[in-house]
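A.B. asks: One structure follows; several queries about it will come next.
The values are calculated or read from the model by the stated rules, or taken from the named source; none is laboratory data. Just so it is clear, the model here is predicted, and its values are computed rather than measured. Every residue, glycine among them, receives a Cβ derived from its backbone with ideal geometry; neighbour counts consider all protein chains shown. Side chains included, ligands, DNA and RNA excluded: accessible areas come from the protein's heavy atoms. Shrake-Rupley method; radii C 1.70, N 1.55, O 1.52, S 1.80 Å.
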Amino acid sequence: MTRTTTPAPPPGAPAADRDVAGLVDDLTALLGPDLVLTDDRSLDKASVDGSYLSPILRAQWPIGRPEVVCRPTTVEQVPAVVRAAVRRRVPVTSRGKGTGNYGQVVPLHGGLVLDLTALRGIDHVDPEAGVVTAEAGVRMLTLEKRLAAHDSQLWMYPSTVQSTLGGFLAGGSAGTGTIVHGRNHEGFVEALDVVFAHEDAEIVHLEGADAQPFVHTYGVAGIIVRATVRIEPLQDWRCVYASFEDHHDAFAAVQKVHRVSPAPRLCSADGAHVASCLPADEAIPAGRASLRAIVDAAAVGQVEQIVAAAGGVVEAVRRGVNESIKVSTLSYNHPTHWLQKAEPDTWFHMEVQGDALVERLDEVEAVYPGGTLHLEAGHGRMFGMLNGHFTTAEAAYAGVAALEDLGVRVHSPHQYRVDHGTEGVRALAAGTDPYGLLNPGRWES
Ligand SMILES: Cc1cc2nc3c(=O)[nH]c(=O)nc-3n(C[C@H](O)[C@H](O)[C@H](O)COP(=O)(O)OP(=O)(O)OC[C@H]3O[C@@H](n4cnc5c(N)ncnc54)[C@H](O)[C@@H]3O)c2cc1C
């Protein structure tokens with residue numbers, strides 16, 4: 001897909017007196033011409049993210065396009081880049097791998113996209129203290145694999161395993177490991193090195209509670225250049241694939257599997273139709289609902305009993321870090337991604353939560369035409385993606401009340417505003433970003 005037009009800035013756009021040409025000169029002097037990009041291909045690439053998953057957002061495309069992209073290669077270059085952008089009053093949108101789902105990484109007001117993917121250093125692994133410190137652009141997959149050599153594992157990583165540490169912290173919320181540790185703003189982050197949008201910007205080290213407002217708030221209050229996150233001793237994981245005649249049985253089994261001890265790292269399930277859209281695997285047989293779980297070796301027997309009692313069949317039990325990562329890539333938004341890939345321009349989804357997803361499954365799925373739920377075990381609760389045939393945005397939103405009546409909590413993914421700790425983050429950003437230059441346009445949509 002190509003976007004060659006720069007959309008008109010929405011109301012409230014930052015400084016009309018921005019000097020992009022001056023910034024391009026500054027950045028070229030700072031980073032060299034190869035790391036400052038203004039060609040159409042680079043600008044187009046920096047205009048996309050995972051918002052293709054939402055037909056409501058797709059209808060609004062193009063929602064933004066940068067005027068320049070730069071790619072610092074050292075952490076120390078970031079404050080210098082930010083100082084230049086602030087002095088030129090040019091908006092700055094931080095970018096990791098660009099897999100953020102819903103337009104959060106698209107520069108709504110143009111300006112500079114700060115590509116942080118070259119910052120890949122893993123500074124310090126400390127299994128005794130239970131932390132790793134790494135630069136923002138390191139991929140979660142790389143981090144998890146590197147930790148295995150230290151007999152350690154991340155507390156959590158997302159299904160987009162190629163995404164970056166900075167992007168997961170700033171844009172993500174949960175993933176493999178969430179059953180035990182909750183979401184990424186719930187204790188995962190020990191410390192952050194961030195850069196504020198000040199004319200004299202430097203790297204600022206923040207620990208504990210001071211670091212938390214930068215998690216899941218899309219970089220609007222600061223740019224993360226380095227993070228210290230929690231790790232734990234490596235467990236002997238097994239990947240259990242099971243199939244069921246009926247997805248009601250598969251979903252009831254998820255509710256039980258997520259309570260086995262030691263706790264699983266992940267447990268997901270889909271009905272036969274969504275399962276048939278996943279990448280081909282003999283452990284996901286055609287025409288059957290599929291359950292996939294990453295469980296401690298000591299819990300495999302318990303899981304086999306649960307599957308058998310629910311009328312299912314264990315199709316495979318696999319081991320190794322690569323197998324775990326493969327199961328992770330079939331979780332969270334990925335089944336929706338595969339469903340949409342198999343049947344384009346047909347589906348939309350809502351993020352849903354609550355035991356009613358299992359206990360009132362037929363009613364939940366009946367809310368939208370063709371309704372089919374992807375179920376995920378969370379931290380003490382069930383949640384998932386309710387996929388339905390897309391008709392109109394109004395019909396999509398009308399389903400929310402019906403779901404709430406069934407006891408389901410709904411989060412609409414069809415927007416890109418900050419919706420976590422919003423007031424506090426806004427107050428913080430007033431000081432850390434006085435000119436409103438960091439990923440602007442996130443307070444409303
Ligand atoms: C199919 C699919 C499956 C997904 N599954 C999951 C999942 O399991 N769990 C989950 O939590 N999310 C998931 N996501 C959302 C997203 O992929 C993850 O949150 C991912 O970790 C984001 O990382 P990224 O490097 O791609 O970040 P980007 O998409 O580049 O950025 C995400 C947000 O963070 C900001 N940002 C990026 N880097 C920085 C930085 N260094 N400092 C400050 N701000 C920054 C960006 O401006 C943007 O607002 C999924 C998305 C898709 C499309």
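A.B. asks: Given the conditions (1) more than 16 Å from S331 (Cβ to Cβ); (2) open to solvent by less than 10 Å² (accessible area, probe 1.4 Å); (3) in a helix (DSSP H, G or I), and given that F168 satisfies all but one, which numbered condition is not satisfied?
C.D. replies: Here F168 clears every test but (1).
A.B. asks: Give me the residue from the range 321-368 that is more than 15 Å from the ligand (Cβ to nearest atom), within 21 Å of L278 (Cα to Cα) and in a loop (DSSP other than H, G, I, E, B) and, out of that set, most open to solvent (accessible area, probe 1.4 Å).
C.D. replies: Checked the range 321-368; the qualifying residue most open to solvent (accessible area, probe 1.4 Å) is D345.
A.B. asks: Among the listed residues D25, D34, D39, D17, identify the single one that is charged (D, E, K, R), more than 27 Å from the chain's Cα centre (by Cα) and modelled with pLDDT under 95. Reasoning before the result, please.
C.D. replies: Numbers: D25 fails: modelled with pLDDT under 95; D34 fails: modelled with pLDDT under 95; D39 fails: modelled with pLDDT under 95.
The match here is D17.
A.B. asks: Still on this structure, I have one more. With (1) crowded, with 23+ Cβ neighbours inside 10 Å; (2) of a type outside the set (D, E, K, R); (3) under 18 Å from the mean Cα position of the chain (by Cα) as the list, and H181 as the residue in question, which single condition is left unmet?
C.D. replies: H181 satisfies every listed condition except (1).
A.B. asks: Identify, by number, the condition in (1) away from the ligand (no atom under 13 Å from the Cβ); (2) open to solvent by 20 Å² or more (accessible area, probe 1.4 Å); (3) touching a residue at least 40 places away in the same chain (Cβ under 8 Å) that D25 doesn't meet.
C.D. replies: (3)
A.B. asks: Turning to a different aspect of this structure: If I filter the range 225-241 down to residues being open to solvent by less than 10 Å² (accessible area, probe 1.4 Å) and within 16 Å of the ligand (Cβ to nearest atom), which single residue comes out as nearest to V75 (Cα to Cα)?
C.D. replies: Looking at the filtered set, the residue picked out is V225.
A.B. asks: Filter the range 63-81 down to the residues that are open to solvent by less than 50 Å² (accessible area, probe 1.4 Å) and either in a loop (DSSP other than H, G, I, E, B) or within 11 Å of the ligand (Cβ to nearest atom) (or both), then identify the one that is farthest from P440 (Cα to Cα).
C.D. replies: Quick first cut of the range 63-81, residues open to solvent by less than 50 Å² (accessible area, probe 1.4 Å) only: 63-66, 68-70, 72, 75, 77-81.
So of that shortlist, the ones also either in a loop (DSSP other than H, G, I, E, B) or within 11 Å of the ligand (Cβ to nearest atom) (or both) come out as 63-66, 72, 75, 78.
Numbers: I63: 12, G64: 11, R65: 13, P66: 12, P72: 21, V75: 23, V78: 18 Å.
Looking at residues that are open to solvent by less than 50 Å² (accessible area, probe 1.4 Å) and either in a loop (DSSP other than H, G, I, E, B) or within 11 Å of the ligand (Cβ to nearest atom) (or both), I get V75.
Results for (1) more than 9 Å from the ligand (Cβ to nearest atom); (2) in a loop (DSSP other than H, G, I, E, B); (3) not hydrophobic (A, V, I, L, M, F, W, C), shown as yes or no for each residue.
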| position | (1), (2), (3) |
| --- | --- |
| G100 | no, yes, yes |
| V113 | no, no, no |
| T117 | no, yes, yes |
| A134 | yes, no, no |
| T160 | no, yes, yes |
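A.B. asks: What is the number of the single condition among (1) farther than 20 Å from L37 by Cα; (2) of a type outside the set (D, E); (3) outside any loop (DSSP other than H, G, I, E, B); (4) touching a Gly at 6+ places or on another chain (Cβ under 6 Å) that S94 does not meet?
C.D. replies: Only one criterion is unmet by S94, namely (1).
A.B. asks: Let me ask you something else. Would you pick out the residues in the range 102-111 that are among the small types (G, A, S) and more than 9 Å from the ligand (Cβ to nearest atom)? Give the steps one after another, and end with the answer.
C.D. replies: Of the range 102-111, the ones among the small types (G, A, S) are 103, 110-111.
Across the range 102-111, the qualifying residues are G110, G111.
A.B. asks: Which one is farthest from the ligand (Cβ to nearest atom), of the residues in the range 136-158 that are in contact with an Asp or Glu (Cβ under 9 Å, 6 or more places away or on another chain) and either aliphatic (A, V, I, L, M) or in a helix (DSSP H, G or I) (or both)?
C.D. replies: The qualifying residue farthest from the ligand (Cβ to nearest atom) is L154.
Listed here are the residues, each with its yes/no results for (1) at positive phi; (2) in contact with an Asp or Glu (Cβ under 8 Å, 6 or more places away or on another chain); (3) basic (K, R); (4) open to solvent by less than 50 Å² (accessible area, probe 1.4 Å).
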{"position": "L30", "(1), (2), (3), (4)": "no, no, no, no"}
{"position": "D39", "(1), (2), (3), (4)": "no, no, no, no"}
{"position": "K45", "(1), (2), (3), (4)": "no, no, yes, no"}
{"position": "A85", "(1), (2), (3), (4)": "no, no, no, yes"}
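A.B. asks: Are any of the residues in the range 197-210 open to solvent by less than 10 Å² (accessible area, probe 1.4 Å), modelled with pLDDT of 95 or more and among the β-branched types (V, I, T)?
C.D. replies: Narrowing the range 197-210 to residues open to solvent by less than 10 Å² (accessible area, probe 1.4 Å): 197, 201.
Filter once more, keeping what is modelled with pLDDT of 95 or more: 197, 201.
Imposing the further condition that a residue be among the β-branched types (V, I, T) reduces the set to none.
Looking for residues that are open to solvent by less than 10 Å² (accessible area, probe 1.4 Å), modelled with pLDDT of 95 or more and among the β-branched types (V, I, T), one finds none in the range 197-210, hence no.
A.B. asks: Can you spot a residue in the range 143-162 that is closer than 21 Å to A80 by Cβ and at pLDDT 95 or above?
C.D. replies: In the first step, residues of the range 143-162 are kept if they are closer than 21 Å to A80 by Cβ; the result is none.
No.
A.B. asks: Of the residues that sit in the range 30-57 and are within 13 Å of the ligand (Cβ to nearest atom) and part of a helix (DSSP H, G or I), which one is farthest from V113 (Cα to Cα)?
C.D. replies: Here is the first cut: in the range 30-57, the ones within 13 Å of the ligand (Cβ to nearest atom) are 45-54, 57.
In the following step, the residues that additionally are part of a helix (DSSP H, G or I) were identified as 45, 50-53, 57.
Numbers: K45: 10, G50: 16, S51: 17, Y52: 20, L53: 22, L57: 20 Å.
Residue satisfying both the conditions and the ranking: L53.
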